[in-house]
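Okay, so here's the structure we're looking at.
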Amino acid sequence: MTESILMSGVVMGVVATVAMDIWAQLLHRLAGLPAPNWAMVGRWVAHMPRGQLVHDGIGAADAVPGELAIGWLFHYAVGIVYGVALAVIMGAGWLAAPTFWPAWIFAMLTIGFGWFVMQPGMGLGWAASNTPNPWRARGLGLAAHTVFGVGLWLGALL
């Protein structure tokens, strides 16, 4: 039972993260928005073991070999952790007949990690407050996490 819940969570996390990546590529190609820069996330993660958790601007930090791969691995690892967390929280009953709303609510909650840990750590401020257009960044983040929630739900349906 527990093993199937964990496996379902892994599938949910991967499907949701792929959905989010497809969404980002659609926005990039159709609306001209910049694609996510996972190298900067990888740089941020790679500086953590060196004792630097917060940067004034991650772009000015020393480059790290393999930072793009580190960023992509971190992105998918976080998605999988979120998928497993939702599967464990909701349990076998929900996984047998998953509904959208718990997945969406959970996805909305997960944006807190980006807004209150990752973005400040990378020098972007709380909830992108140090970016040129914070409300646009927040809206795009909420849209991306909505897509992530759809992906969690679709992954649970598999």
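Applying a threshold of 7 Å to beta carbon distances and a minimum spacing of six or more residues, or different chains, the list of pairs starting in the stretch 109-124 at a residue that is within 16 Å of Trp38 (Cβ to Cβ) and ending at one that is not in a helix (DSSP H, G or I) reads Gln119/Gly125; Gly121/Leu53; Gly121/Val54; Gly121/His55; Met122/His55; Leu124/Asn130; Leu124/Thr131. Of the residues that make up the stretch 92-99, is at least one at negative phi, more than 17 Å from the chain's Cα centre (by Cα) and of a type in the set (Phe, Trp, Tyr)? Checked against the condition, which is being at negative phi, more than 17 Å from the chain's Cα centre (by Cα) and of a type in the set (Phe, Trp, Tyr), the stretch 92-99 yields at least one hit. In the stretch 108-134, of all residues being part of a helix (DSSP H, G or I) and not hydrophobic (A, V, I, L, M, F, W, C), the one that is nearest to Gln25 (Cα to Cα) corresponds to Gly114. Do we find that Ala127 is without any contact (Cβ under 8 Å) to a residue 24 or more places away in the chain, within 25 Å of Gln52 (Cα to Cα) and open to solvent by less than 20 Å² (accessible area, probe 1.4 Å) in this structure? Answer is yes for this residue. Please tell me if Ala137 is in contact with a helix residue (DSSP H, G or I) (Cβ under 8 Å, 6 or more places away or on another chain), in a helix (DSSP H, G or I) and under 28 Å from Gly9 (Cβ atoms). When the stated conditions are applied, Ala137 does not pass them. Do the conditions hold for Gly71, that is, is it out of contact with any Asp or Glu (no Cβ under 8 Å at 6 or more places or on another chain), in a helix (DSSP H, G or I) and crowded, with 18+ Cβ neighbours inside 10 Å? In short, yes.
Here Gly51 fits the description: without any contact (Cβ under 8 Å) to a residue 24 or more places away in the chain, open to solvent by less than 70 Å² (accessible area, probe 1.4 Å) and under 15 Å from Gly121 (Cβ atoms). Put simply, of Gly57, Gly51 the only residue that is among the small types (Gly, Ala, Ser) and at pLDDT 95 or above is Gly57. Being buried (at least 17 other Cβ atoms within 10 Å of the Cβ) and in a helix (DSSP H, G or I) holds for only one residue in Ile80, Ile105, Ile89, and it is Ile80. Applying the set (1) open to solvent by less than 30 Å² (accessible area, probe 1.4 Å); (2) in contact with a His (Cβ under 8 Å, 6 or more places away or on another chain) to Trp38 leaves exactly one unmet item: (1).
The values are calculated or read from the model by the stated rules, or taken from the named source; none is laboratory data. Every value quoted in this text rests on a predicted model; they were computed, and no experiment measured them. In this analysis, Cβ positions are derived from the backbone assuming ideal geometry, glycine residues included, and neighbour counts consider all displayed protein chains. Just so you know, the surface numbers come from the protein's heavy atoms only, side chains and all, with ligands and any DNA or RNA stripped out. Shrake-Rupley method; radii C 1.70, N 1.55, O 1.52, S 1.80 Å.
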